[in-house]
Amino acid sequence: MSNANAPLPSQDAKPSSSTSLTASTENSVSENAAENQLSKIAGDDYYNIKPRQVLKFFKPTTPDPWDGNAPQALMIFESLIANNYAILDNFIDPEEGRLLRNEIQQLYRDGRMVDGKIGKNAAGTDGDVRPDMRTDKMVWMEGSEPFVGKYLKRHILRADILAQKINLLLESMGHKDAWEGCSRCKIMATCYPEGGKRYVAHYDNPNRNGRKLTIILYLNEWWKEGDGGVLRAKTNGVQLDVAPLFNRLFAFWSDRRVPHEVLPTAAKRDRFAITIWYMDDAEKRLGPL
């Protein structure tokens, strides 16, 4: 059976693409702006659908206290279709982002994070410590544990709703990447400690393990060029370097379309992030290759 985080064969480096492809939006984007974005999508020959036809699908299975994230879902959806990934800055209110970061840092300080493992299943709970491949610290969570803080719970709910909206858009257009169900595997919070910690190139879903969409939120407020910990991805023949900036969301397809690695951290800078994987129930039933 293939390893769920199997290293990739070496690839010829290509010039890094500019992060000017970043899709940024404020949480307060108006419904008119959302309709304009939908109209842009509907104008494409590939999509023949009216804005209101899509808006009616925004009915998640959990209560939505953040109706304003519909424009975020639209922007991520459009970028996923075009590029296999999406980058969204200013994902949540900055002060809430700082409180969330404090919770994740506290998990690290309390010793709840352990050495990252090279996983053998989609949940990542079965695997081996391989310091030659992965040197981060991490903790797995369902989201209901006593040590999970208020702001982490809010982030999980917000991400769940966002993923549902993205999938509803895909379903409404009959897109091949729409997935079945609204489940996720365990959530992972990570710290790449200072001093060259990294994760070699891998796929999140190399062997039909059920992972469909990966969503990462970065929490590094004072990151600057040279601090390291950049996520390097390759897709569509392009190499993309994603800086782990505070309040930046990076979403991408979990399968072999987007191999990626975490480059070494700098000498004096820890790197924090939260990763959530959304699962395709139909693929899970098929089982791994």
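The spacing between the stretch 262-289 and the stretch 146-166, judged by their C-alpha centroids, is 16 Å. Each of Tyr85, Tyr151 was scored by other Cβ atoms within 10 Å of its Cβ. Arranged with the fewest first, they read Tyr151, Tyr85. Using the alpha-carbon centroid of each, what span in Å lies between the stretch 70-115 and the stretch 217-250? So the separation of the two Cα centres works out to 12 Å. Multiplying the residue separation of Leu286 and Gln106 by 0.36 nm and removing their Cα-Cα distance gives an extension gain of 60.9 nm.
What FRET efficiency comes out for Leu263 versus Asp128 if R0 is 25 angstrom and r is the Cβ-Cβ distance? Round to the nearest 0.05. Step by step, r from the Cβ atoms, then E = 0.65.
Close amide H partners of Trp223, meaning residues 5 or more places away or on another chain with modelled amide H under 5 Å apart, are Phe246.
Laboratory data are not the source of any read-out in this text; all were calculated from the coordinates shown. Bear in mind that the values here come from a model prediction, so they are computed numbers and not experimental data. All Cβ positions, glycine included, derive from the backbone under ideal geometry; neighbour counts span all protein chains shown.
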